[in-house]
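Visitor: For reference, the structure I am asking about is given below.
The values are calculated or read from the model by the stated rules, or taken from the named source; none is laboratory data. It should be emphasised that the depicted structure is a prediction, and the values quoted were computed from it without experimental measurement. When we count neighbours, we look across all protein chains shown, and the Cβ atoms used for this are built from the backbone with ideal geometry, even at glycine. What goes into the accessible areas is simple: the full protein's heavy atoms, side chains included, and nothing from ligands, DNA or RNA. Shrake-Rupley method; radii C 1.70, N 1.55, O 1.52, S 1.80 Å.
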Amino acid sequence: LFCNAGVEPYIITADWHSILIAADNKEKIEEGGPLRKYVRGLECTDNCSSITIKFYLKFHGVCFIFESVAQKKGEVYHTRYMGENIIKFIRISDRTIVFCLENFDGVKTTKLTQLLGSKDGNLSSDTRSQPQGAYNTTLYPF
């Protein structure tokens, strides 16, 4: 997996919001793309053996809320949404984490990195630019 650090369980359960997103297949994260999700919360259960991801998707101008439960297998989490997904988290600070996802849609694997901030929203410009090195692509701010 492209992200190689973990996050302590006490950091995961919180209200989060998407700040930036990058992917090696930008069509998947452009406006209306199937992986352009707006994360709103994470909930760790059973000592993080599973994580519930709450997110919004915008379809034809209307936002829909979704929940996906990811099960821990080894050092990563697995869930199904628009194909098979492998997820890992990187802690930047108590108020910021990076959500790393590999999505296999049955044809192609897409690697996605998303910067999530806590609801207080007090992030420095340095923190906002940290995930850019993950891919040679444009970051899409939310």
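Visitor: Answer yes if at least one residue in the stretch 61-68 is among the acidic types (Asp, Glu) and farther than 18 Å from Thr13 by Cα, and no otherwise.
Guide: No, the stretch 61-68 contains no residue that is among the acidic types (Asp, Glu) and farther than 18 Å from Thr13 by Cα.
Visitor: Scan the stretch 109-116 and tell me whether some residue there is of a type in the set (D, E, K, R), open to solvent by 50 Å² or more (accessible area, probe 1.4 Å) and either under 14 Å from Trp16 (Cβ atoms) or at pLDDT below 90 (or both). If you could, list the steps in order and put the result at the bottom.
Guide: Restricting attention to the stretch 109-116, the residues satisfying the condition of being of a type in the set (D, E, K, R) are 111.
From what is left, the residues that are open to solvent by 50 Å² or more (accessible area, probe 1.4 Å) are 111.
Adding the requirement that they be either under 14 Å from Trp16 (Cβ atoms) or at pLDDT below 90 (or both) leaves none.
The answer is no; no qualifying residue exists.
Visitor: When the stretch 20-77 is examined, which residues are found to be touching a residue at least 60 places away in the same chain (Cβ under 8 Å), over 15 Å from Phe89 (Cα atoms) and among the β-branched types (Val, Ile, Thr)?
Guide: Within the stretch 20-77, just Ile29 meets the criteria.
Visitor: Restricting attention to the stretch 8-63, which residues are surrounded by 19 or more Cβ atoms within 10 Å (Cβ to Cβ), among the basic types (Lys, Arg) and touching an Asp or Glu at 6+ places or on another chain (Cβ under 8 Å)?
Guide: Arg36
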